[in-house]
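One structure is given here, and the rest of the page talks about it.
The values are calculated or read from the model by the stated rules, or taken from the named source; none is laboratory data. These numbers were taken from a predicted model, which means no experiment stands behind them. For neighbour counting, all protein chains shown are included, and Cβ atoms are generated from backbone atoms with ideal geometry for every residue, glycine included. For the accessible areas, the whole protein counts, side chains as well, though only heavy atoms, and no ligand, DNA or RNA atoms are used. Shrake-Rupley method; radii C 1.70, N 1.55, O 1.52, S 1.80 Å.
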Amino acid sequence: ALADDLAKLEGKWSVKKTRDGSTYTQTIEIKKDTFKFKVMRGTDEVAIYAEGKLKLEKSGPFNVIKFMDIKAGGSESDISAIDDDHVSIYVLGDDTWTVAANFDKDRDDQKPSLDAYVKAPK
């Protein structure tokens, strides 16, 4: 079942969010066992960029995605390794991917969130 999920997750996903009155878009692109994550202000300004490996697992009744070997920074050309794995619970629908993020540990600058990503058309 997890191999099926990995195949369904391949592609680009996005969610629009608001924080402190500002709207931004989070995108995540998945290819095989790797990801590229961006937080975009407006249509073309990258605020945060991250990339790394991912792995799907089961934990009891939950589907879990682990983001590992993460490199992050202000742009694709300005990244460095961070010593932090992210573990999220997810539910995968036809064209939606609901992710419970930042519940795995306290991170000063990242609050727990429930995000409903939508898959971009191919």
For the stretch 12-72: rounded, prolate or oblate by the Cα gyration tensor [a/c cutoff 1.5] = prolate
request  = Along Cα→Cβ, 7 Å out, is where each label goes; now give me the distance between the ones at Asp85 and Thr34 in nm to one decimal.
outcome  = 2.0 nm
message = Using only DSSP helix segments of four residues or longer, with each worth -39500 (n - 2.57), what per-residue ellipticity at 222 nm results for the chain after dividing by its residue count and rounding to 500?
response = -2000 deg cm²/dmol
remark   = Any residue on another chain or 5+ positions along whose placed amide H is under 5 Å from the amide H of Asn63 is listed here as Tyr90
query = Of all the accessible heavy-atom surface of the chain, with the other protein chains kept in place and a 1.4 Å probe, what percent is carbon and sulfur?
reply = 50 percent
remark   = Here the FRET efficiency for Ser14 versus Arg107, based on Cβ atoms and R0 = 22 Å and rounded to 0.05, is 0.50
remark   = A correct Karplus calculation of ³J(HN,Hα) over the stretch 34-41, with 6.51 cos²θ - 1.76 cosθ + 1.60, θ = phi - 60°, whole Hz and x for Gly and Pro, returns 10, 9, 10, 10, 9, 10, 10, 9
Loop GluC sites (Glu not before Pro), the stretch 1-59 (other Cβ atoms within 10 Å of the site Cβ: 16 or fewer; DSSP) = Glu10
inquiry  = Which order do you get for Tyr24, Tyr117 if you rank them by accessible area with a 1.4 Å probe, largest at the top?
reply    = Tyr24, Tyr117
task = Return one whole number: the accessible area per residue of the chain in Å², for a 1.4 Å probe.
result = 65 Å²
